[in-house]
Each structure stands twice: as C-alpha cells, then as structure tokens.
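K.L.:
Sharing a structure with you now.
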Amino acid sequence: MAESIHEKALRLIEAGAVTIRHQGDNLVDADVRGDHDTYPVVVEVGDRERCMCPASGDCSHLLAVLAVALQRNTGLPPAVTLGKVGV
Ligand SMILES: [Zn+2]
C-alpha cells in the first residue's frame, strides 16, 4: 500500500526534516527537507497555504509544517494533530 501524505508527513517530522524559520500569530514560514529536495513552505492561517514542491494541491510538506506549528501552539503530538488537519 502506498504511503499516504499523512504518513509521509509524520515520517518527515520524526526525521527532523521540518525547520520552522518564523512562526507568528497567523503566519508560519518553514523549510521542509523532502525525499528529493528542500522546499520552502508558507502557511497563512485561514488564508492560503503554499509549498514550493512540484506536487499540486495538498502535500506532505504542508501537513508536516502545520502539525509542527500546531504542536508548538497546543503541545499536541504531530500524530494527533495530523489526524485533525483536513486534506
Ligand atoms: Zn510540498
């Protein structure tokens, strides 16, 4: 069975691939080291989410950044928050 983007996001987090460069009230600016390259990810809460990787739409990098940012805000582990992040 193929790895889902949620599973991949968790794997990236556990590998320490997510680097949050800046986290403000409504903005998260991060880098994610993916399987092939490192991608900048920008999340504007309630507005738009953007990852620079070639995948169109939602991707594991975006999910990983959201889960790490939520962990910082709420203390919930990524495995929990990933289940709440809609795709
Ligand atoms: Zn991506």
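K.L.:
Looking at the square roots a ≥ b ≥ c of the eigenvalues of the Cα gyration tensor of segment 7-49, which shape do they give, rounded for a/c under 1.5, prolate if a/b is larger than b/c, or oblate?
P.N.:
Prolate shape, in that a/c is at least 1.5 and a/b is the bigger ratio.
K.L.:
Place a label point 7 angstrom from the Cα of L76 along the Cα-to-Cβ direction, then list the residues of segment 22-51 whose backbone nitrogen is under 20 Å away.
P.N.:
Counting backbone N atoms under 20 Å from the label point, the list is 23-29, 43-49.
K.L.:
Report, to two decimal places, the Cα Rg of the chain normalised by 2.2 N^0.38 Å (N = number of residues).
P.N.:
0.97
K.L.:
Could you please report the charge total around K8, scoring K, R as +1 and D, E as -1 over all other residues with beta-carbon less than 13 angstrom from its beta-carbon?
P.N.:
Every neighbour counted, the sum reads -3.
K.L.:
Per residue, how large is the accessible surface of the chain? Use a 1.4 angstrom probe and give square angstrom.
P.N.:
Accessible area per residue, the chain: 59 Å².
K.L.:
Which of G57, T19, A79 sits closest to the plus end of the dipole of the chain, meaning its Cα is farthest towards the positive end, when Lys and Arg get +1 and Asp and Glu get -1 on the C-beta?
P.N.:
A79
K.L.:
Now a separate question. Sequence gap at least 6, Cα distance under 8 Å: using those rules, report the relative contact order of the chain to the nearest whole percent.
P.N.:
26 percent
K.L.:
Report in % the part of the accessible area of segment 1-81 that belongs to carbon and sulfur, leaving out ligands and nucleic acids; probe 1.4 Å.
P.N.:
So the carbon and sulfur contribution to the accessible surface is 49 percent.
K.L.:
So who's got an amide H within less than 5 Å of the one on V45, skipping anything under 5 residues away but keeping other chains? H placed 1.01 Å off N, in plane.
P.N.:
Close amide H contacts, sequence-distant or interchain: L27, V28.
The values are calculated or read from the model by the stated rules, or taken from the named source; none is laboratory data. The model shown is predicted, which means the values in this text are computed figures rather than measured ones. Glycine also receives a Cβ, built like all others from the backbone with ideal geometry; neighbour counts cover every protein chain displayed. Keep in mind that these areas ignore ligands, DNA and RNA; they rest on the heavy atoms of the full protein, side chains included. Shrake-Rupley method; radii C 1.70, N 1.55, O 1.52, S 1.80 Å.
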